[in-house]
Amino acid sequence: MIDQPYVYRHRELAEPDWRRLPGWADVTARDWESVQWQRAHCVKNIRQLRHVVGGGLDERFYADLERDQAERATMSMLVPPQMINTMVPDLSPADPGFTDAFYADPVRRYMIPAFSDRHPEWPSHPRASRDSLHEAEMWPVEGLTHRYPTKVLAELLATCPQYCGHCTRMDLVGNPTTVTDKYRFELSRDDRLAAMLDYLRAHPGVRDVVVSGGDVANLPWSRLESFVAGLLDIDSVRDIRLATKALMALPQHWLTDDVRSGMARLAAVARQRDVSIAIHTHVNSVQSVTPLVARAAKAMLETGIRDVRNQGVLLRGTNDTAARLLDLCFALLDDAKIMPYYFYMCDMIPGSEHWRLSLAQAQQLQHDIMGYLPGFATPRVVCDVPYVGKRWVHQVARYDRELGISYWTKNYRTGVELDDAFALEREYEYYDPIDLLPESGQKYWRSGAGAPVAAVS
Ligand code: SF4
């Protein structure tokens, strides 16, 4: 018999037992499923991590983490218990090998980065930058990015219930870190949101609004509901997508009665007006898909919204094999009814080199996942090219593999190029991680031929 490169097996979802962690040994299921308990027990610093995991985690990890926070981290630490519990789900801290398993854990690698994870010579690419997608340059209203002709991104707030080490919006989202300060919105939230709705009323060519942040789960429900109701009142808006990683990281939020009934009200109005509301979440690893996450996704679908979709990020050590991506997609599809949609290449922010993949690797992953999932649920692997937008990884125009520079073209003007006659003729660049280049390519960047390393703050 000839083996297939990937063998599908349906796996039952399981909630790891949080009582294996010393700090949560006495926590009841009722507390675990309470959003208030989850928010109150998020891990925000090393002291709290030590309290939860205890002495089973070697001191070398805590020291490694402390050094990362002092010298590299662009995001502060904020991890809900729900996410901590999915790290090393099959071992308790007292078991032999726990520290090595914690280091290797796919969720730990991007939620609790350690100094030794990062590349010693190239923690950042010389062309990395804050706001690497130039979203703020494309704000006609503070927080409203108008990059594509028919769609906008509305950043309603700058916080999340969880902070991911690789966050693209590290410029804006979260608390300042030792090496990174954060942009602070100048207008009050109410003024910004009102100005966004005014802009959309005045621009009927925009039919699709991604409502994001941050994470919409951190906005009081009544404020989110009134903003979405405002969108539903604009005839030209046909698609509304609510961005929340918390559907996975804090499913307890999406299971509360207030949120469920509020979403049902919005879904009813949307159906009446023929508008599609969807939730877009951000799951990178199969172990994050637990029964509670599946319950939250299904609860949202039961309100009558159109879909729940996943936009993951390709990260080295987390999901950089076809088997890991396919395991994740099948768990999402089979048991949580979440549609696999995109896997993004990690953006070129400072400190992200050890997470990023090369374009060639991303193309290979797209190749290798084809044919297993239904076509409608086969995610596209995309590169978000600065000043361009999402491109499928096989759409590259030219690719210099020696220097790790890919060249891309586009077929529309972003908000900053409306008067630029040559915008559609130019090529736009994206860069592979330097440590994955052949020696000659590494030498080129080492020689200083590229731009100097971007300042982090
Ligand atoms: S949830 Fe999204 S916006 Fe929030 S820190 Fe993670 S990647 Fe950034």
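The values are calculated or read from the model by the stated rules, or taken from the named source; none is laboratory data. From a predicted model like this one, the values you see are computed outputs, not experimental measurements. Positions of Cβ are backbone-derived with ideal geometry, glycine not excepted, and every protein chain shown enters the neighbour counts. Just the protein is used for accessible areas: all its heavy atoms, side chains included, with ligands, DNA and RNA removed. Shrake-Rupley method; radii C 1.70, N 1.55, O 1.52, S 1.80 Å.
Descriptive notes on the structure:
- Computed from point charges on the beta carbon alone (+1 for Lys and Arg, -1 for Asp and Glu), the dipole magnitude for segment 285-347 about its Cα centre is near 100 Debye.
- Calculated FRET efficiency for the pair Asp198/Asp26, C-beta based, R₀ 56 Å, to 0.05: 0.60
- Kyte-Doolittle mean at least 1.6, axial Cα span of 27 Å or more - DSSP H helices of the chain: none
- Tensor-based shape of segment 91-160 (alpha-carbon gyration tensor, a/c under 1.5 rounded, otherwise prolate or oblate): prolate
- The chain - accessible surface per residue (Å², probe 1.4 Å): 41
- Over all other residues within a Cβ to Cβ distance under 12 Å of Met196, the charged ones net out to -2, with Lys and Arg as +1 and Asp and Glu as -1.
- Lys390, Lys298, Lys443, ranked by accessible area, largest first (probe 1.4 Å): Lys443, Lys298, Lys390
- Near the amide H of Glu353, within less than 5 Å, lie the amide hydrogens of His125, all on another chain or at least 5 residues away, with H placed in the peptide plane.
- Simple spin-label estimate for Val7 and Arg426 gives 5.2 nm between the two label positions (7 Å along the Cα-to-Cβ direction from each Cα).
- Placing unit charges on each Cβ (+1 for Lys and Arg, -1 for Asp and Glu) gives segment 190-250 a dipole about its Cα centre, and among Ser212, Leu247, Val228 the Cα reaching farthest toward its positive end belongs to Leu247.
- CD proxy at 222 nm, helix term only [per DSSP H run n ≥ 4: -39500 (n - 2.57); per residue of the chain; nearest 500]: -8500 deg cm²/dmol
- Among the listed pairs Lys151/Lys182; Lys182/Lys443; Lys182/Lys245; Lys245/Lys390; Lys182/Lys337; Lys44/Lys182, those beyond 28 Å (Cα-Cα): Lys182/Lys443; Lys182/Lys337
- Under a model in which nothing but the beta-carbon of Lys, Arg (+1) and Asp, Glu (-1) is charged, segment 206-360 shows a dipole of about 100 debye around its Cα centre.
- Solvent-accessible surface (1.4 Å probe) assigned to Glu439 amounts to roughly 110 Å².
- 13 Å beta-carbon shell around Val27, net charge (K/R +1, D/E -1): -2
- Amide H contacts of Val381 (H built 1.01 Å from N, under 5 Å, at least 5 apart or other chain): Phe343, Val393
- Carbon and sulfur %, accessible surface of the chain computed with the full protein complex present, 1.4 Å: 51
- Debye, to nearest 20: dipole size of segment 140-215, +1 on Lys, Arg Cβ, -1 on Asp, Glu Cβ: 200
- Fraction of antiparallel bridges per DSSP, the chain only, in percent to nearest 5: 35
- Three-way shape label, the chain, alpha-carbon gyration tensor, a/c 1.5: rounded
- Sequence ranges 375-382, 353-360, 137-144, 29-36, ranked by mean other-Cβ count within 10 angstrom, highest first: 353-360, 137-144, 375-382, 29-36
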